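> Structure below; questions to follow.
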Amino acid sequence: LFQTVLGTGTLFRSVKKVSPGTVVEFDLMTRQLVAARSMMPAEVPRQAKTYDEAKAMTREALLASARLTFETDLPLAFHLSGGLDSNLLVSLFRHLYPGREVVCCSSLIDGEDDKEWAYIQRFAALHGGTLEKTIVDSRVFFGSLDDVTYYLDEPTGDPGVVPQFQVNR
């Protein structure tokens, strides 16, 4: 019905997913759960009193999170979809690291007119990024479905995982 396994359930009896925000400690020698605890924020974030204060706090939170995420000597690549979230990530990266290389990746369904492709191209060019694209046709889709299923860890009904897998490959 929901095209995924909800909550902490799985398809296996006696096997559960770890809830978000939870840390578990497991002894591999005894195969016993040692501890499980929920992680709570160290402090409650302060509440903004004005729109401008909320805007500034949001900007700082995004930049702080991006600094932690992008702090690596390894090359980074971004999945561009033409939407707000992927474009925001590239913008944050470019703001923090103006001299580093930006590689953008996207997938296109063979034979379809992707209305977002023009936005993807324009945005990659705006940030001086190299743009790589993967074409997914029925041969590629069904040829990689077994690998995609293997790496998913749990079933999903979203066919978009196949193009994402191809972009990652």
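The values are calculated or read from the model by the stated rules, or taken from the named source; none is laboratory data. The structure presented is a predicted model; accordingly, all values stated were derived computationally and were not measured. For neighbour counting, all protein chains shown are included, and Cβ atoms are generated from backbone atoms with ideal geometry for every residue, glycine included. Surface areas here come from the heavy atoms of the whole protein model, side chains and all, with no ligands, DNA or RNA. Shrake-Rupley method; radii C 1.70, N 1.55, O 1.52, S 1.80 Å.
> Leaving out ligands and nucleic acids, and using a 1.4 Å probe, what accessible area per residue does the range 107-157 come to in Å²?
Accessible area per residue, the range 107-157: 74 Å².
> Just order 98-106, 149-157 by mean Cβ neighbour count inside 10 Å, highest at the front, would you?
Descending packing order for the listed peptides: 98-106, 149-157.
> On to the next question. Please name which of Ala54, Gln3, Ala42 has its Cα lying farthest along the dipole of the range 1-70 towards the positive end, using unit charges on Cβ (Lys, Arg +1; Asp, Glu -1) and the Cα centre as origin.
Gln3
> Moving to a separate point now. Residue-wise, which Karplus ³J(HN,Hα) couplings in Hz belong to the range 86-97, taking 6.51 cos²θ - 1.76 cosθ + 1.60, θ = phi - 60°, and x for glycine or proline?
5, 5, 4, 4, 5, 4, 5, 4, 5, 5, 7, 10
> Can I ask one more? At what distance in nm do the modelled label points of Gln32 and Leu11 sit from each other, each positioned 7 Å from its Cα along Cα→Cβ?
3.2 nm
> With charges only on Cβ, +1 for K and R and -1 for D and E, what is the dipole size of the chain about its Cα centre, in debye, rounded to 20?
Approximately 520 debye in magnitude.
> Please tell me the relative contact order of the chain in percent, rounded to the nearest whole number, where contacts are Cα pairs under 8 Å and at least six residues apart.
Computed over the chain, the figure is 19 percent.
> How would you order 116-127, 18-29 from highest to lowest mean count of nearby Cβ atoms within 10 Å?
116-127, 18-29
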